[in-house]
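Read the figures in this text as sums done on the coordinates, not as results from a lab. In this text the structure is predicted, and so the values were computed from the model without any measurement. Every residue, glycine as well, gets a Cβ built from its backbone with ideal geometry; the counts of neighbours run over all protein chains shown.
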Amino acid sequence: MKAQAVAFDQPCHSAYEKFIEITNHLQGEVLSAGTHSDVEAYLEEDGRELLRLLLQEHLASRGSGRVGEAVCGVDGVVRSHKRDHLERSYQSVFGRVYVERTGYGQRGVASLFSAGCATEPARPGLLASVAAAGRPPSGQGVV
């Protein structure tokens, strides 16, 4: 019988693969012979990447926020010009993540995006705790 490709219908598949990679690495010879500091350093970097992947896959599962053909803002202006597949990124405490959104616009007024697809930075409390600990996310500065 010929081998066939299997499609995984598993949520957070990339994060799951990263988790397996981490657990295999923890059981491997390199970290088994390393110091506790070596293990902590590995987990800080790769564990943070695992968390970033979980966040990224969660954001992707929320969709682009498309709500219809047009939206009406609180200003009473109907915005009927849709722009799908707009990508926005932000620096979370775990690293950079990307969100696909649908924007609704009209000439002369600000575009609107679905509230369910907000891409504001992570909560200030989380950023402050990371900054206080002196551990910027994924080797990058805290924004």
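With each label modelled as a point 7 angstrom along the Cα→C-beta vector, the Glu45-Glu21 pair spans 1.2 nm. Residues Val74, Val93, Val30, Val99, arranged from fewest to most other Cβ atoms within 10 angstrom of their Cβ, appear as Val74, Val30, Val99, Val93. For the range 1-92, the set of GluC sites (Glu not before Pro) satisfying both a DSSP loop assignment and a count of at most 16 other C-beta atoms within 10 Å is given as Glu69.
Classification of the range 55-100 by its C-alpha gyration tensor yields a prolate form. The axis ratio a/c (a ≥ b ≥ c) is 1.5 or more, and a/b outweighs b/c.
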